[in-house]
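Take a look at the structure set out below.
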Amino acid sequence: FFVGTRRKFDAEVRISTLKSCEYLGKRYLNDEAHTGNVKIYGRLIFNELAKLHQLTSRDLLILEGACILHDIGKFVNLRDHYKTSYELIKNSSIFGYSDEEQKKVAILSYFHSKKEPSLTHEYFSRYTDSEKIRLIKLCAILRVADALDRSHKQHIKDITIKITDNHMSFEVPIAEEPLIEKWAFEKKSGLFSEVFGLNIKL
C-alpha cells in the first residue's frame, strides 16, 4: 500500500513540477511548440539510454525541466541567452525541485547552446566526478534534442531510435531533408558521442 501510494504521489509531483516549469516559461514568452518538442525528443533519447547508463527518474525530471526552460533567457538577451537562462532558472522558484536539482536544471540550460561542458568548468566544481559525468550526459541529451528542432518549425514529428553495437540512428519520416536540423545535429553530436560512446546519425 505504501509503495503504491508513494508511486502515485511521485507521479503527481512530477506533473506539478513540469507545470511549474511551463508556467515560468510562459512568463518569459517561451516558444512552447519548440520546448514541447525538445521535451519529447529528450525523453525518447533518455529512455533509450537510462538503464545502461544508470540514469534515474529524477535525472529525467531535471532534463525535462531544462528542455522546457533552456531558452527563457531570449526574453532578455538573444545573443548570450544561455547565460541569462542560467541566471533566471537559478534564481526562480520552481515547485518540486530541491535547490540542488534546480541548480542542475540551470546548468543544463547554460550548456545547451554554444558552450560545451567540461569537467573543469566552475559550475561543476562542487560535484564529485560521477555527478559531473551524470550532468554532462544530461547536457549531451539536451543538446541533441534541441538540435532536432533547431529551426523552431517542428519539421520532425516522429522519431525511431535504433542502437546497434556502437551506433545510434535517429530515423525520421519526412518528405524533405531538414537541412537546418541536420546541420545542428552534426554540430552538437560530438559531446553525445564522446560521453555515451555511440556514433550517432540522423
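The values are calculated or read from the model by the stated rules, or taken from the named source; none is laboratory data. Here the structure is a predicted model, which means the values were calculated and not measured. Cβ coordinates were reconstructed from backbone atoms using ideal geometry, including for glycine residues, and neighbour counts include every protein chain displayed. Note: accessible area is taken over every heavy atom of the protein model, side chains too, but ligands, DNA and RNA are not part of it. Shrake-Rupley method; radii C 1.70, N 1.55, O 1.52, S 1.80 Å.
Its relative contact order, with pairs defined as Cα atoms under 8 Å and 6+ residues apart, puts region 23-141 at 24 percent.
Working note: Cα gyration tensor of region 89-202, eigenvalues times five, square-rooted, sorted largest first, giving semi-axes of 28, 17, 12 Å.
Each label point was placed 7 Å from the Cα along the Cα-to-Cβ direction; for residue 56 and residue 180 their separation is 3.8 nm. Heavy-atom accessible surface of residue 13, to the nearest 10 Å², is about 30 Å², with a 1.4 Å probe and all protein chains retained. Note on the chain: Cα convex hull, mean projected area over all directions, 11.8 nm². If you take all other residues with their beta carbon under 12 Å from the beta carbon of residue 141, and give Lys and Arg +1 and Asp and Glu -1, the sum is +2.
Highest mobility in the GNM of the chain, judged by mean-square fluctuation with C-alpha springs under 10 Å and restricted to 52, 108, 135, is found for 52. Protein heavy-atom surface of the chain, 1.4 angstrom probe: 51% of the accessible area is carbon and sulfur, with nucleic acids and ligands not counted.
One compactness figure for region 3-84 is 1.22, namely its Cα radius of gyration divided by 2.2 N^0.38 Å. Give the calculated FRET efficiency between residue 8 and residue 122 to the nearest 0.05, with a Förster radius of 35 Å applied to their Cβ-Cβ distance. Plugging the Cβ-Cβ distance into 1/(1 + (r/R0)^6) gives 0.30. Once the 1.4 Å probe is applied to the protein heavy atoms, region 105-202 comes out at 52 Å² accessible per residue.
When you filter the trypsin sites (Lys or Arg not before Pro) in region 33-99 for DSSP loop state and at most 12 other Cβ atoms inside 10 Å of their Cβ, you are left with 51, 79.
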